[in-house]
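Notes follow once the structure below has been shown.
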């Protein structure tokens, strides 16, 4: 169970199944900022995908809520085939109208707190190669290129790794 976190007027807490549509709306708005030619998988049932993630017992979906509005979301779980001490950050989005307001930094800190509490020592993610803003954000937080996953020729994702010290 993930405890709620308060950061000023914001609360970071697990997403609720009833919030899948709001999470999807935020996700699509944020992704549109780095896919200028249009979103891939536009016909995908994103609400259904988010609902599955929210309800999945081995996954976590955290959301940042301010004034009853979801303004940030992160989805993570252990990926198949990954080491037992490693989590994968599958989605991480902040309302584009609110970038540079510490929402992402606070959400990332809540994720890391959960990972450490679960005894995890590393996290991985992939970020779109054209998403320079996100890459700079992750670098500032300590993410580095994942030596186990160098980018393949023509791949549109960069794989990053975040190392954690065990919780004391």
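Of the residues making up the range 86-97, just one is surrounded by fewer than 15 Cβ atoms within 10 Å (Cβ to Cβ) and either touching a residue at least 40 places away in the same chain (Cβ under 8 Å) or touching a strand residue (DSSP E or B) at 6+ places or on another chain (Cβ under 8 Å) (or both), namely 96.
Which fully enclosed strands (runs of 3 or more DSSP E) of the range 1-68 have 2 or more residues being at pLDDT 95 or above?
Numbers: elements: 5-7, 10-14, 59-66.
So the answer is 10-14, 59-66.
Among the numbered conditions (1) in a helix (DSSP H, G or I); (2) in contact with a strand residue (DSSP E or B) (Cβ under 9 Å, 6 or more places away or on another chain); (3) in contact (Cβ under 8 Å) with a residue 24 or more places away in the chain; (4) closer than 30 Å to residue 37 by Cβ, the only one that residue 73 does not meet is (1). Evaluated against (1) outside any helix (DSSP H, G or I); (2) out of contact with any helix residue (DSSP H, G or I) (no Cβ under 6 Å at 6 or more places or on another chain); (3) under 23 Å from residue 46 (Cβ atoms), residue 127 falls short on exactly one condition, (2).
Could you list, in sequence order, the residues of the range 60-97 that are under 13 Å from the mean Cα position of the chain (by Cα) and over 20 Å from residue 157 (Cβ atoms)? Of everything in the range 60-97, those that are under 13 Å from the mean Cα position of the chain (by Cα) and over 20 Å from residue 157 (Cβ atoms) turn out to be 60, 61, 62, 63, 64, 71, 72, 95.
Would you call residue 79 at pLDDT below 95 and either out of contact with any strand residue (DSSP E or B) (no Cβ under 6 Å at 6 or more places or on another chain) or closer than 27 Å to residue 8 by Cα (or both)? Taking the combined requirement at face value, the residue does not satisfy it.
Touching a helix residue (DSSP H, G or I) at 6+ places or on another chain (Cβ under 7 Å) and not in a helix (DSSP H, G or I) - does that describe any residue in the range 100-109?
Our first condition is that a residue be touching a helix residue (DSSP H, G or I) at 6+ places or on another chain (Cβ under 7 Å); within the range 100-109, this holds for 104.
This time we only want the ones that are not in a helix (DSSP H, G or I), so: none.
Looking for residues that are touching a helix residue (DSSP H, G or I) at 6+ places or on another chain (Cβ under 7 Å) and not in a helix (DSSP H, G or I), one finds none in the range 100-109, hence no.
Within the range 42-68, the set of residues being surrounded by 12 or more Cβ atoms within 10 Å (Cβ to Cβ) and closer than 19 Å to residue 99 by Cα comprises 62, 63, 64, 65, 66.
The values are calculated or read from the model by the stated rules, or taken from the named source; none is laboratory data. Just so we're clear, the structure is a prediction, and the values are computed from it rather than from any experiment. Positions of Cβ are generated from backbone atoms using ideal geometry, with glycine treated the same way; all protein chains shown enter the neighbour counts.
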